[in-house]
């Protein structure tokens with residue numbers, strides 16, 4: 001495969017989100033044959049099973065982006081010890097109608113940043129449980145729970161030196177995982 005399209009699903013809608021910043025910085029650590037495409041989830045309606053047979057344009061766009069990707073990168077904040085509702089809503093939309101999930105079989109990585117000391121450990125665990133049910137092949141190790149403290153990002157939104165080394169190792173594992181599991 002000459003290029004790997006990676007769908008980046010960020011579970012934050014905030015314009016200046018730490019997790020959006022994390023996603024952009026992670027993409028700069030990847031090799032040139034990996035192309036990271038942010039997937040918009042903020043315009044999705046609330047999931048309602050009544051709409052399964054007539055999914056709206058935003059839902060169809062989401063499903064097409066996921067279907068076209070060779071890999072997934074989930075980047076989530078932690079809200080009340082779990083994932084944000086907007087992320088769960090996107091996951092539900094792309095898994096429906098039953099039997100027509102676009103998630104199945106895709107290799108994925110899970111990351112998150114938070115100002116809290118444990119990063120996004122609990123949100124990531126909840127997300128991994130959901131993804132396992134949907135047959136998403138999620139990279140298990142190494143894990144990365146980013147404590148967004150002074151020095152994690154520089155003024156240009158790149159990683160500071162120690163963070164860059166740690167996350168380059170994560171990215172190297174993720175790249176190998178996607179290459180191994182991409183269909």
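The values are calculated or read from the model by the stated rules, or taken from the named source; none is laboratory data. Quick caveat, the model's predicted, so the values are computed rather than measured. For neighbour counting, all protein chains shown are included, and Cβ atoms are generated from backbone atoms with ideal geometry for every residue, glycine included.
So the check is Cβ under 8 Å with 6+ separation or different chains; which pairs have a first residue in region 7-28 that's farther than 19 Å from residue 158 by Cβ and a second one that's part of a helix (DSSP H, G or I) and modelled with pLDDT under 95?
Listed pairs, sorted by first residue: 11/19; 12/18; 12/19; 12/20; 14/20.
Report, ordered by the first and then the second residue, all pairs with beta carbons closer than 9 Å, sequence separation of six or more or different chains, a first member in region 160-177 that is in contact (Cβ under 8 Å) with a residue 24 or more places away in the chain, and a second member that is part of a helix (DSSP H, G or I).
164/25; 167/22; 167/25; 167/26; 170/26; 171/26; 174/26
Being surrounded by fewer than 24 Cβ atoms within 10 Å (Cβ to Cβ), modelled with pLDDT of 95 or more, in a helix (DSSP H, G or I) and within 14 Å of the chain's Cα centre (by Cα) is the requirement here; does residue 59 meet it? Steps first, answer last, please.
Values: surrounded by fewer than 24 Cβ atoms within 10 Å (Cβ to Cβ): yes; modelled with pLDDT of 95 or more: yes; in a helix (DSSP H, G or I): yes; within 14 Å of the chain's Cα centre (by Cα): no.
Here the answer is no, as residue 59 does not meet what is asked.
Considering only region 124-146, I want to know if a residue exists there that is in contact (Cβ under 8 Å) with a residue 40 or more places away in the chain, surrounded by 13 or more Cβ atoms within 10 Å (Cβ to Cβ) and over 30 Å from residue 96 (Cα atoms). Before you say what the answer is, go through the steps one by one.
Step one: of region 124-146, the residues in contact (Cβ under 8 Å) with a residue 40 or more places away in the chain are 124, 126-127, 130-131, 134, 136-137, 146.
Narrowing the set further to residues that are surrounded by 13 or more Cβ atoms within 10 Å (Cβ to Cβ) leaves 124, 126-127, 130-131, 134, 136-137, 146.
Okay, now just the ones that are also over 30 Å from residue 96 (Cα atoms), so 146.
Yes; the residues of region 124-146 include at least one that is in contact (Cβ under 8 Å) with a residue 40 or more places away in the chain, surrounded by 13 or more Cβ atoms within 10 Å (Cβ to Cβ) and over 30 Å from residue 96 (Cα atoms).
Scan (1) under 17 Å from the mean Cα position of the chain (by Cα); (2) assigned to a helix (DSSP H, G or I); (3) more than 30 Å from residue 165 (Cα to Cα) for the single condition residue 42 breaks and write down its number.
All conditions are met except number (2).
Considering only region 99-119, state which residues are touching a residue at least 60 places away in the same chain (Cβ under 8 Å) and more than 20 Å from residue 66 (Cα to Cα).
Passing the criteria: 113, 114, 115.
Table: residues versus (1) farther than 14 Å from residue 71 by Cα; (2) touching a helix residue (DSSP H, G or I) at 6+ places or on another chain (Cβ under 8 Å); (3) modelled with pLDDT of 95 or more; (4) surrounded by fewer than 17 Cβ atoms within 10 Å (Cβ to Cβ).
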position	(1), (2), (3), (4)
4	no, yes, yes, no
11	yes, yes, yes, no
15	yes, no, no, yes
20	yes, no, no, no
33	no, no, yes, yes
36	no, yes, yes, no
44	yes, yes, yes, no
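For the structure I just gave you, tell me whether residue 165 is modelled with pLDDT under 95 and out of contact with any strand residue (DSSP E or B) (no Cβ under 9 Å at 6 or more places or on another chain). Outline the logic, then answer.
Numbers: modelled with pLDDT under 95: yes; out of contact with any strand residue (DSSP E or B) (no Cβ under 9 Å at 6 or more places or on another chain): no.
In short, no.
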